[in-house]
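Visitor: Please see the structure below; I have some questions.
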Amino acid sequence: MTKKGIGERLGEAVDSAKHKVNEMADRSRAEGHEFKAETSDHPVERTVEKGKAMVDHGKAELHEAASEKKARDAGR
């Protein structure tokens with residue numbers, strides 16, 4: 001196993017932070033969609049907004065996993 005240089009480890013730390021920012025953005029968008037779904041009077045719009053919220057929650061989970069992996073890699 002080769003030892004990583006400081007530049008490579010810093011790059012992975014930056015990537016981890018980017019993924020964390022994207023995770024929070026996706027979670028915020030999901031909250032907005034959930035609010036729209038709860039306050040809409042139209043059943044189709046409620047369903048569409050719930051679907052959008054599910055997609056954003058899924059994307060947030062992917063970003064969270066990528067962030068954790070990059071953070072672990074940066075520490076090695």
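Read the figures in this text as sums done on the coordinates, not as results from a lab. Please read all numbers here as calculations on a predicted model, not as lab measurements. Don't worry about glycine lacking a Cβ; one is built from the backbone with ideal geometry, like all the others, and counts go over all protein chains shown.
Visitor: Sort H42, H33 so the one with the fewest other Cβ atoms within 10 Å of its own Cβ comes first.
Guide: H42, H33
Visitor: Given the DSSP H assignment, sum -39500 (n - 2.57) over each helix run of at least 4 residues in the chain and divide by its residue total; what's the result at 222 nm in deg cm²/dmol, nearest 500? Numbers along the way, then the final one.
Guide: Details: 2 runs with 67 residues, N = 76.
Value at 222 nm, helices only, nearest 500: -32000 deg cm²/dmol.
Visitor: Roughly how many nanometres apart are two label points built 7 Å out from the Cα toward the Cβ at K4 and M54?
Guide: About 3.5 nm separates the two model spin labels.
Visitor: Step through the table entries K4/K50; K4/K59; K20/K50, compare each Cα-Cα distance with 32 Å, and write down the pairs that go over it.
Guide: In this structure, K4/K50 lie more than 32 Å apart at Cα.
Visitor: In percent, what relative contact order does the stretch 6-75 have, based on Cα pairs under 8 Å that are 6 or more apart in sequence?
Guide: RCO, the stretch 6-75: 52 percent.
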